[in-house]
Amino acid sequence: MIDIPAVLAAALVCTVAIMSPGPNFVAVTHRAVTAPRVEALALAVGIACVSALWAAAALFGLGLLFALFPWLFWTVRLLGAAYLVWIGIRLLRGAGAPLPGRLASASRGTLARACRDGMVTNLSNPKAMVFYGSVFSAFVPADATTATQITMVAMVGAIATLWYGGVAWFLAGERAARLYRGIRPWIEGGCGLFLVGFGLRQAFARP
């Protein structure tokens with residue numbers, strides 16, 4: 001049987017965390033206003049898939065593997081930090097460049113790349129798994145059934161899909177795109193600085 005109260009309690013905490021601004025939100029925002037809506041949605045799906053992956057890893061033992069082999073956690077963490085810094089620098093360098101017109105449609109290849117970009121962005125922050133581990137340790141009973149655990153993983157994926165998909169859908173509208181183009185240098189400059197700072201913090205902060 002599924003422990004519904006435990007799932008709902010964990011869902012509330014996970015919703016607040018997923019909705020908090022971070023690299024995932026920056027990635028979705030940028031793609032939504034510079035690419036076809038379906039491409040932004042594909043990126044959101046990639047982010048949601050990895051959110052579910054982090055949740056599954058926290059529930060089914062990867063956290064223990066990281067605890068046993070700290071070098072593995074730090075390797076993933078430093079690679080992720082380097083990726084975020086790289087993306088941040090790209091935003092800073094391109095903030096003042098002319099923005100090409102948005103394409104009317106996206107090919108299968110661009111959708112696959114968008115989904116991949118979403119996955120890599122979310123994979124760049126392994127501390128997300130630590131967060132899910134702390135949430136599940138608080139709300140998942142020691143004798144939780146497999147059905148309860150699978151439901152929690154699906155819950156995380158669903159929340160991430162709804163939130164980031166909703167952000168992508170809204171910001172891909174023409175009004176949002178026009179507003180973005182008007183203040184783009186400030187937004188992309190700010191987002192670039194945020195990602196560089198977040199990446200450096202991830203690289204040098206204590207566990």
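Here is how the numbers come out for the structure above:
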| quantity | calculated |
| --- | --- |
| Residue within the range 66-76 that is assigned to a loop (DSSP other than H, G, I, E, B), surrounded by fewer than 20 Cβ atoms within 10 Å (Cβ to Cβ), more than 15 Å from the chain's Cα centre (by Cα) and modelled with pLDDT under 80 present | yes |
| Residue, modelled with the highest pLDDT, within the range 167-203, restricted to residues that are within 14 Å of the chain's Cα centre (by Cα) and open to solvent by 10 Å² or more (accessible area, probe 1.4 Å) | V167 |
| Per-region count, the range 116-154, residues part of a helix (DSSP H, G or I) and either open to solvent by 20 Å² or more (accessible area, probe 1.4 Å) or within 23 Å of F198 (Cβ to Cβ) (or both) | 27 |
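The values are calculated or read from the model by the stated rules, or taken from the named source; none is laboratory data. This one's a predicted model, so the numbers in the text were calculated from it and none came from an experiment. All Cβ positions, even for glycine, are placed from backbone atoms using ideal geometry, and neighbour counts span all protein chains on display. Remember, those area values only see protein heavy atoms, side chains included, never the ligands or the DNA or RNA. Shrake-Rupley method; radii C 1.70, N 1.55, O 1.52, S 1.80 Å.
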